[in-house]
1. Among LYS12/LYS37; LYS77/LYS163; LYS53/LYS91; LYS81/LYS163, which pairs are too far apart, with a Cα-Cα distance over 32 Å?
2. Once the Cα atoms of helix 102-111 and of the chain are each reduced to a long axis, what angle between those two axes, in degrees from 0 to 90 to the nearest 10, is obtained?
3. Positive end of the charge dipole of the chain (Lys, Arg +1 and Asp, Glu -1 on Cβ, about the Cα centre): tell me which of TYR34, ASN102, TYR147 has its Cα farthest that way.
4. Suppose every K and R has +1 on its Cβ and every D and E has -1 on its Cβ; what is the size of the dipole of the chain about the Cα centre, in Debye to the nearest 20?
5. Going by average Cβ density within 10 Å per residue, which order do the peptides 96-103, 161-168 take, highest to lowest?
6. Hey, what angle do you get for helix 2-67 against the long axis of the chain, alpha-carbon based, 0 to 90 degrees rounded to 10?
7. Among PRO121, ILE21, ALA51, whose Cα projects farthest towards the positive end of the dipole of the chain, with charges put on the beta-carbon of Lys, Arg (+1) and Asp, Glu (-1)?
8. Which FRET efficiency value, to the nearest 0.05, is calculated for LYS12 and ASP114 with the Förster distance at 41 angstrom and r the Cβ-Cβ distance?
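What follows is calculated from the coordinates using simple rules that are stated; it is not laboratory data. Model, not experiment: these values are computed from the prediction. Neighbour counts run over all protein chains shown; Cβ positions are idealised from the backbone, glycine included.
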Amino acid sequence: MSRQSDVNSREKTLGENVIIIALIAVFMTSFLYYFFKQEQRLKEVGFDAMARKFSSSVLAVRAQWFMDGQPDEVILKEQGKPNVTINVNRKGWVDFKNDNENCQKIWFTLMTTDLYFMNHPIAVIEINNSANITNDKRNHGVNICRYSLPTGESFDYYLESGKVSEVNIR
């Protein structure tokens, strides 16, 4: 009888193992399904948070510009980090005027990260409008930095007004 009980217990554990493996596979499949279903939304929310961080950094530099008496350069001092010199325009907004890679330099200075988000490169486009019509007003020489992902999400930084647009989703 002991031989028969050994065979029964082995069959029982084999059956239990098959059921456990099947349940784990079902759980993993459902997790992956919901993860990939929500990945685009996660990317949108994360990029929106990055745009907000960019905007708050721009505002912090402008506040420091006011406190320093409106100089051409703002020096940010953080404890335990080296001082950072940031060029600003006549209105106090971050602008490396005479730099060929103005928008990239603005990003690196304010965000202190590479131009990547969730393993996607961030494209940087500098838009120089000689005449841009906005809200029935004519603005000459408006410079805009556009930061966008390959999937179409983007936000703009207006150098003359310091405005950071909301994230545009395509």
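1. Working: LYS12/LYS37 38 Å; LYS77/LYS163 24 Å; LYS53/LYS91 21 Å; LYS81/LYS163 27 Å.
Table pairs above 32 Å Cα-Cα are LYS12/LYS37.
2. Value to nearest ten degrees: 60.
3. Projecting each Cα onto the dipole axis, the largest value belongs to TYR34.
4. Working: 20 positive and 20 negative charges, 51 e Å.
Dipole size: approximately 240 debye.
5. On the way: 96-103: 13.8, 161-168: 15.4.
Ranked by mean Cβ neighbours within 10 Å, highest first: 161-168, 96-103.
6. Taking Cα atoms only, the helix is inclined about 10 degrees.
7. Looking along the dipole axis, the top candidate is ILE21.
8. Numbers: r = 55 Å, r/R0 = 1.35.
The computed FRET efficiency comes out at 0.15.
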